[in-house]
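The block underneath contains the structure these notes are about, expressed in structure tokens.
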Amino acid sequence: CADGEATASPAPLARDVVPPGPEVCRAPEAVLAADGASPGLEEQKTLLPGQIESGEESDARGLEAPAGVAKPQRPMKKQNVRELRRMAEQQAMAEHESWLAAMTTLRPQNRSRSESRSREEIQNGVPGVRLIEECEVWEIILKKEDKGQRFGFKFTNGRDEYLNERGNLARKREGPEMLLVKGVADDMLASAWNREKPSLELLPCDRIASVNGLRRTTDMQQALRTQMAVTLQVVRYPQYFLADLHRGFGGSQVSSKIGITYRRCPAAAESEAPEELEITGVAPDGLLERWNQLHIARSLYQFVVMPRMRIQAVDDIEDDLDRMQEQLESGTAGRIR
């Protein structure tokens, strides 16, 4: 747990390694603008294709167009373009409101990851913690009394972990600019903070978005190695989230391949955990990767579905692996948790 000694990236963590995931867990660097404000989860402003039938038209000489030759279309009027854009924006807002309402029901579960938090804190909000794009964000202040002290937590490069999980689907410079906490040592500054402020504790799988205001990974690592006092901005991804596979299709029942491979993970005999499906791969041309790209474009990496996350429910089906598989394979599944 030497300060600033980043651990070598181990095998990628499953669904943040703490809970199950699509159910899914993953959050942004853009979640946190420099002023701490959220960029907002805007829906893509999709311009629906508007085709206007040309009807019986003739060419410039008044002659009929030859049979089998496409007739030219009239240019779309500006008011038609504005109307289509307005309709698309309304559709996107309605879809987001529906998703947000469903996500709200998961917040008590997401916020109960720390057992030290009371039921009242979970329901009413935790003092000192902000909720930004479904991620919990707070600050931790650690001060060394002498150079022999250590901050006492291990970390690795969060972007490297993300790229390992994404594999060939990852693009250049994709991934959150954060440090990923791997462990907290006993009897050091971080563990002392956890004992004093249990509702703001630092846990494995938390992310560090800034150190003393620095946001670049290399700068944060350097500050942790050299500074006697640090203020950490900590981000905790949600344990569970919902992926709307048909977002942007106007609510129509689009039948298309989801683009996912998985394996069954039956619950252990003595465990109260539900039966789940563990994701083993995401196809580049499926609905699930389309969902991923919508959120990668906004740096909302907490909503990117990746291998080793787990599916807890498909639409309204849960705790029944056979029915969950049937719904996924039917091509009509609309939402996974």
Using 7 Å Cα-to-Cβ label points, what is the LYS197/GLN222 separation (nm, one decimal)? 2.6 nm
Can you give me the distance in nm between label points at ALA297 and ASP320, each placed 7 Å from the Cα along the Cα-to-Cβ direction? 3.6 nm
For ILE260, other-chain or 5+-apart residues with amide H closer than 5 Å (H placed, Pro excluded) are ALA283
Of the listed pairs LYS144/LYS172; LYS154/LYS257; LYS182/LYS257; LYS144/LYS182; LYS147/LYS182; LYS147/LYS172, which have alpha-carbon separations greater than 31 Å here? LYS144/LYS172; LYS154/LYS257; LYS182/LYS257; LYS147/LYS172
Per-residue HN-Hα couplings for the stretch 155-161 [Karplus 6.51, -1.76, 1.60; θ = phi - 60°; Hz; x = Gly/Pro]: 8, 9, 6, x, 5, 4, 4
Once phi for every residue in the stretch 132-144 is put through the Karplus expression 6.51 cos²θ - 1.76 cosθ + 1.60 (θ = phi - 60°), the whole-Hz ³J(HN,Hα) values, with Gly and Pro written as x, are 10, 6, 6, 9, 8, 10, 8, 10, 10, 10, 10, 10, 8
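All of the numbers you see were taken from the coordinates with simple rules; none came from a lab. Please read all numbers here as calculations on a predicted model, not as lab measurements. Note: ideal-geometry Cβ built from the backbone for every residue, glycine included; neighbour counts use all protein chains shown.
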